[in-house]
1. Relative to the longest principal axis of the chain, what angle (0 to 90°, nearest 10) does the C-alpha long axis of helix 56-78 take?
2. In whole Å, what are the Cα extents of the chain along the three principal axes, biggest one first?
3. Count the lysine pairs in region 24-122 that are 8 or more places apart or on different chains: how many have C-alpha atoms under 19 angstrom apart?
4. If the chain between residue 90 and residue 52 were fully stretched, how many nm would it gain, using 0.36 nm times the residue separation less the Cα-Cα distance?
5. Using a basic spin-label model with each label point 7 Å from the Cα along Cα→Cβ, how many nm lie between residue 61 and residue 20?
6. Just how large is the dipole of the chain about the Cα centre, in debye to the nearest 20, putting +1 at every Lys and Arg Cβ and -1 at every Asp and Glu Cβ?
7. Below 8 Å between Cα atoms, with a sequence gap of 6+, how large is the relative contact order for the chain in percent?
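FYI, it's all coordinate maths here, none of it is from the lab. Since we're looking at a predicted model, the values are computed, not measured. Quick reminder, even Gly has a Cβ in these numbers, built from the backbone with ideal geometry, and neighbours come from all protein chains shown.
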Amino acid sequence: MAINLASDTINKIYQHYKNTSDNGFRGHLGASIIGKPCERAIWYDFRWCTPSDLEGRLYRLFQTGHLAEDRFTADLKAIGVKISTVNPRTGKQYQINACDGFFGGSLDGIGLGFQKTPIKNTSLK
């Protein structure tokens with residue numbers, strides 16, 4: 001019986017990501033959720049009725065996106081876009097919220113000087 005060491009190693013890496021990532025439940029309705037076509041699904045997500053059972057591979061992919069943010073920011077700056085990834089008032093990532101905190105989200109940055117749109121919020125993943 002052949003043992004596939006690569007598969008075993010990859011599966012352990014994915015399991016690590018699954019074990020160490022949060023469950024996705026938030027204390028607010030996230031801006032990334034409201035685009036779902038089904039209002040009932042949005043309500044269930046907001047009320048924590050929908051368990052998040054993502055594979056470790058997806059959690060690793062999310063981390064890859066986070067790691068690429070600095071590169072995307074540098075690429076935009078290289079073509080003349082002025083981009084801010086840290087809110088100067090808080091020293092942290094830009095946050096939005098409304099409805100007494102029941103709605104909220106995070107922005108990867110705010111950019112100025114895009115070719116077709118003068119100002120834009122940025123989601124880099």
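1. 30
2. Computed over the chain, the largest-to-smallest principal extents equal 61, 39, 29 Å.
3. On the way: 77/116; 77/120; 82/92; 82/116; 82/120; 92/120.
Here the count comes out as 6.
4. On the way: separation 38, 0.36 × 38 = 13.68 nm, distance 3.03 nm.
Extending this stretch completely gives an extra 10.6 nm.
5. So the label points at residue 61 and residue 20 sit 2.0 nm apart.
6. Numbers: 16 positive and 11 negative charges, 62 e Å.
It comes to approximately 300 debye.
7. Details: 130 pairs, mean separation 28.5, N = 125.
Taking the mean separation of contacting Cα pairs over the length of the chain, I get 23 percent.
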